[in-house]
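The values are calculated or read from the model by the stated rules, or taken from the named source; none is laboratory data. Bear in mind the structure is a predicted one, so any value in this text is a computation, not a measurement. Every residue, glycine as well, gets a Cβ built from its backbone with ideal geometry; the counts of neighbours run over all protein chains shown. Remember, those area values only see protein heavy atoms, side chains included, never the ligands or the DNA or RNA. Shrake-Rupley method; radii C 1.70, N 1.55, O 1.52, S 1.80 Å.
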Amino acid sequence: MNWMKTGVLAMALAFCAAPAFAQGVNNLSGVWQGVFWGAGNTPTSFQITLRDDPGPGFSGSTVETNNFGDVEAPFLLATLQGQVQGAQVSFVKTYDGTGSVSHSVSYRGRLVSDRRIVGTWSLDGASGPFEMAR
């Protein structure tokens, strides 16, 4: 009889924990560290600070190593707008002109945990992988 109570309790806890985990995964607020691979498979490290917006949206800002802008700027800065639906994450990063870089890049990825996102960036037919973690 005791094993039955334990089994029912374990099932109830698992059922209750699943929505809490799903809610936690959709909370992207915080500082993330990441890398994307560009032309010639060159890695570029970045830091993103994300803020959850009402609904499925989020916004943020990035700072990344300058691997392709004017050499006078050690870092490139950008803002981003995105959304998360379930495990799918998408956002557009728009560079602010630092280092003479001012284009936008689309990112699509998936949450592999509440602390890691992997996916692909794309720009004018070019693309490559990215990953980020907190």
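Measuring from a point 7 Å past the Cα of Ser102 along Cα-to-C-beta, which residues in segment 53-68 have an amide N at less than 17 Å? What the label zone holds, given the 17 Å backbone N cut-off, is no residue at all.
Sorting 60-68, 100-108 by their mean Cβ neighbour count within 10 Å, with the most densely packed peptide first, gives 60-68, 100-108.
Under 5 Å from the amide H of Gly38 lie the amide H atoms of Thr44, each residue being 5 or more positions distant or on a separate chain, with H modelled from the backbone and absent for Pro and chain starts. The phi-based Karplus calculation (6.51 cos²θ - 1.76 cosθ + 1.60; θ = phi - 60°) puts the 3J(HN,Hα) values of segment 32-37 at 10, 10, x, 8, 10, 10 Hz, whole numbers, x for Gly and Pro. In segment 65-130, the C-alpha radius of gyration followed by the widest Cα-Cα span (Dmax) gives 13.2, 41 angstrom.
Modelled this way, with points 7 Å down the Cα-to-C-beta line, the labels at Arg115 and Ser61 are 2.7 nm from one another. Apolar share of the accessible surface for segment 37-134: 51 percent from carbon plus sulfur atoms, 1.4 Å probe.
Among 118-131, 75-88, how do they line up from the highest to the lowest mean number of other beta-carbon atoms within 10 Å?
On the way: 118-131: 14.2, 75-88: 16.4.
Peptide ranking by packing, descending: 75-88, 118-131.
Across segment 123-134, coupling constants 3J(HN,Hα) worked out from phi with the 6.51/-1.76/1.60 Karplus curve, θ = phi - 60°, read 7, 6, x, 8, 7, x, x, 9, 8, 8, 8, 10 Hz, and Gly and Pro carry x.
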